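The values are calculated or read from the model by the stated rules, or taken from the named source; none is laboratory data. In this text, all values refer to a predicted model and were calculated from it rather than measured experimentally. Cβ placement follows ideal geometry from the backbone for every residue including glycine, while neighbour counts extend to all protein chains displayed. With ligands, DNA and RNA removed, areas are computed over all heavy atoms of the protein, side chains included. Shrake-Rupley method; radii C 1.70, N 1.55, O 1.52, S 1.80 Å.
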Amino acid sequence: MANGLDDVVAAETVLSDVDGLGGRLTIRGHSLLELAGRWRYPQVARLLLDGFFDDLPGDAELAEAIGRARVEVFRRLQPIFPTLAALDVYSGMRAGIALLQDGGTLADALRLIAAPAVLTPALLRAKRGDKAVAPDKGADHAADMLRMLSGKADSPDLARALDTYLVTVCDHGLNASTFATRVVASTQAGLTSAILAGLGALKGPLHGGAPGPVVEMLDAIEASGDAAGWLRDEIVHGERIMGFGHRIYRVRDPRADVLKAVVRQLGGKGGTGRRLAFAEEVEQAALEVLRVAKPQRSIQTNVEFYTALLLEAAGFPAEAFSNVFAAGRIAGWIAHAREQQTTGRLIRPQSRYVGPVPDLVA
Ligand code: COA
């Protein structure tokens, strides 16, 4: 029996393929390198949703419809922003999404896509006592998310960087949150229920919760002044080095390089440039420490390491990194939910009973 379901094929999909030995990610016939930095997030969302909604419009119309959905989500949920902001920012976002209609129409799907991009800035602002900034339905999705956070039009470079991030994480095979999404979708429970399952799975530090701890790690290593020593100590105490290792990749996660290049473009000689140079030193030290400590397994840099730097540079606090991950992954989850509903059966594996047997009555 596979503890952790390694190598178990649990679905057929046309959506994405992770080549763990070649270090390649394919999204609906396009390599990640072809999409990241070239396609905008709504365009990639359309690519993923194609064939799963009869009324799916073209690229430009879909981008506009997502803009209108941002406005609608804001209008519906604004009255409860203060209540949601009493929770941590991820739980607040999840609770807000839970209030969206559990239907299966394109309009339901677009509200779900819009929701993390609206709720994350609104709840972060509410937490610091600032008034929420309303969405601009005509703006670019990533640029609007940043504007709703800072309250001003951010630099096009930052908006482009965030857009590239959202595209880079939009889908990734049958990862834990996508699997959870498909399991719930397989019961025909509705899109919002399926997305809530994905959101629950994404939160954990072994999955989408890793980039926040990466920032804490970088800060702690900087304070210690001894990267290799700090990292070795973690391993000795049985801790995992956040931002490294992957179930499928045995080589470097291709998303790490895409995001690192984006951070480098933002970098220059300012704070982001210095942070990147330091992170690169830590990365090399971590790879060496892991090589020595776990010689039986190839543990390489994963997407979360440079996610942390990119989202930090874009102005998000570490507590909201998983929210931004969800803002990107949500298009993939919706496409998987629809694919499961239309082509799959109820997912219902078996367990092997290893508990005590009842006494036999004579
Ligand atoms: N730091 C230290 N050791 C690690 C490690 C890491 N980041 N990733 C894997 N390992 C080690 C485990 O300790 C284990 O060692 P052991 O055999 O001596 O007990 C071995 O590698 C296998 O670990 P396992 O948990 O079975 O592998 P997995 O395929 O399930 O791991 C992750 C995948 C992502 C859960 C794991 O690499 C991890 O915890 N990484 C850190 C969190 C992270 O960055 N998550 C984001 C993923 S995109």
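Here's the picture: a label point sits 7 Å out from the Cα of L87 along the beta-carbon direction, and within region 331-347 the residues with their amide nitrogen under 20 Å of it are 331, 333-334. Taking the Cβ of G332 as the centre, find all other residues whose Cβ is under 15 Å away and add up their charges (Lys, Arg: +1; Asp, Glu: -1). Here the charged neighbours net out to +2.
Remark: the V361-D19 segment gains 117.7 nm on full extension, using 0.36 nm per residue and subtracting the alpha carbon distance. Considering only protein heavy atoms and a probe of 1.4 Å, how much of the accessible area of region 135-198 is carbon and sulfur, as a whole percent? Looking at region 135-198 in its full context, I get 59 percent from C and S. Surface analysis of the chain yields an accessible area of 46 Å² per residue, using protein heavy atoms and a 1.4 Å probe. The three principal axes of the C-alpha atoms in region 270-362 carry coordinate ranges of 79, 41, 25 Å, sorted with the longest axis first. Peptide packing for 321-329, 281-289, 120-128 was compared via the average number of neighbouring C-beta atoms within 10 Å per residue; ordered from the highest value, the list is 321-329, 120-128, 281-289.
Charged neighbours of D17, selected by a Cβ distance under 13 Å, balance to -1 (K, R count +1; D, E count -1). Among the helices of the chain, those built from whole DSSP H runs whose Cα atoms reach 24 Å or more along their own axis and whose mean Kyte-Doolittle hydropathy is at least 0.0 are 106-127, 271-293.
Scalar couplings 3J(HN,Hα) for region 51-58, obtained by applying the Karplus form with A = 6.51, B = -1.76, C = 1.60 to θ = phi - 60°, are x, 9, 9, 5, 9, 5, x, x Hz; x denotes Gly and Pro.
A dipole drawn for the chain from +1 and -1 charges on Cβ atoms has a positive end, and of M148, G29, L162 the residue lying farthest that way is M148.
Scaling the Cα radius of gyration of the chain by the globular reference 2.2 N^0.38 Å produces a ratio of 1.01.
Counting only residues at least eight positions apart within a chain, or on another chain, the lysines with an alpha carbon under 21 Å from that of K203 are K127. Ordering L77, F52, A65 by the projection of their Cα atoms onto the charge dipole of region 52-94, which places +1 on the Cβ of Lys and Arg and -1 on the Cβ of Asp and Glu, puts L77 at the extreme positive end.
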